[in-house]
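Report on the following structure.
Laboratory data are not the source of any read-out in this text; all were calculated from the coordinates shown. In this text the structure is predicted, and so the values were computed from the model without any measurement. Cβ coordinates were reconstructed from backbone atoms using ideal geometry, including for glycine residues, and neighbour counts include every protein chain displayed.
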Amino acid sequence: AVCYMQHMARVVVAALVLALAAAAPAGATFPGRNGNLLVTYDNGQYKYFSQSFTLWKIAPRTGRVRWILICGASALIQDVASRCRNAGPPAASPDGETAAVMVRDLPERPEDPANRWSIRLISLETGLQTRVALAPSDRLFLPLSTPALRWWQGGDGFVVLRALAPWDGKTRLSDWEPGQALLVASDGSAATELTTSAAAPDVAADGRLAFVRDRNVHIRDASGTVRPLTRGGGFHPSWSPGGRFIAFSRRGHVFVVRSSGGKPRRLARGTDPVWSPDGTQIAFF
């Protein structure tokens, strides 16, 4: 499961797991068979110039946490590759071995542009990182969106969100709404537009894209055709491993609906649902 938490004084977060009827397993969407929960944690210390972003790997049965430093804005961080201002929610690779996180890099030199963005690939076994620089753009990438980054089918590239309007360097990140869902090559060098007016994308194993537009879940199929899936509201869509179902949030509850359409079924009170790799459970806040 992939989540994003920001610490403000004291935060208590419960990750719940809901058992469901079995569905046909396909490509994994997060590590392990019904594996670790992944969370990006922001310590909220920006005003003290000691902000840090860490990746939490949480064992769902025991709650045991292992954390890995992603990057931060502390003066104590000497490695320029580990310095950043923002880090978004993590996305697990299809093989469950790597987490990808989009970050806004801090300039290495005063003359460097402020809008430098990269994807950090983090080994869940060793914690080692690889930095994939995104192509320069006058528009704002959105690491704070939930989520803003997903692996493309088979792990060959990434789906990222980018604002439609150019960025002047003054507007706060929280003032922007995502506009474009882009398919970025695995080396970050090229980007192809998938759809506009998109938020919270999730990718099925066959390449279909679920996303939020106008406060409802929509689906983009392989031909590029977009259709609405919900009409009474829907956020945070998550594909089941076999692609037959989509879990989503609505008015503080978790629902499941067939990806072909139909009446949604309410499951539990909560938000931000994510399917387990074997399709038998959903993790949510």
| For the peptides 227-237, 204-214, 130-140, 98-108, what is the packing order when you average, over each peptide's residues, the other Cβ atoms within 10 Å and list the highest mean first? | 98-108, 204-214, 227-237, 130-140
| query | What FRET efficiency comes out for the pair Ser123/Thr62, r = Cβ-Cβ distance, R0 = 25 Å, nearest 0.05? | reply | 0.70
| What spacing in nm lies between the two simple spin-label points modelled at Arg269 and Val226, each 7 Å away from Cα in the Cβ direction? | 3.5 nm
| said: Through the Karplus equation 6.51 cos²θ - 1.76 cosθ + 1.60, θ set to phi - 60°, convert the phi angles of the stretch 155-164 into ³J(HN,Hα) values in whole Hz; use x for Gly and Pro. | reply: x, 8, x, 9, 9, 10, 10, 9, 5, 6
| note | Honestly the stretch 217-285 on the Cα gyration tensor test (a ≥ b ≥ c root eigenvalues; a/c under 1.5 rounded, otherwise a/b vs b/c for prolate or oblate) is just oblate
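Rounded, prolate or oblate, given the Cα gyration tensor of the stretch 193-241, with a/c below 1.5 counting as rounded?
Oblate.
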| task | Mind giving me the FRET efficiency for Ala190 and Glu97? R0 is 25 Å, r the Cβ-Cβ distance, nearest 0.05 is fine. | result | 0.55
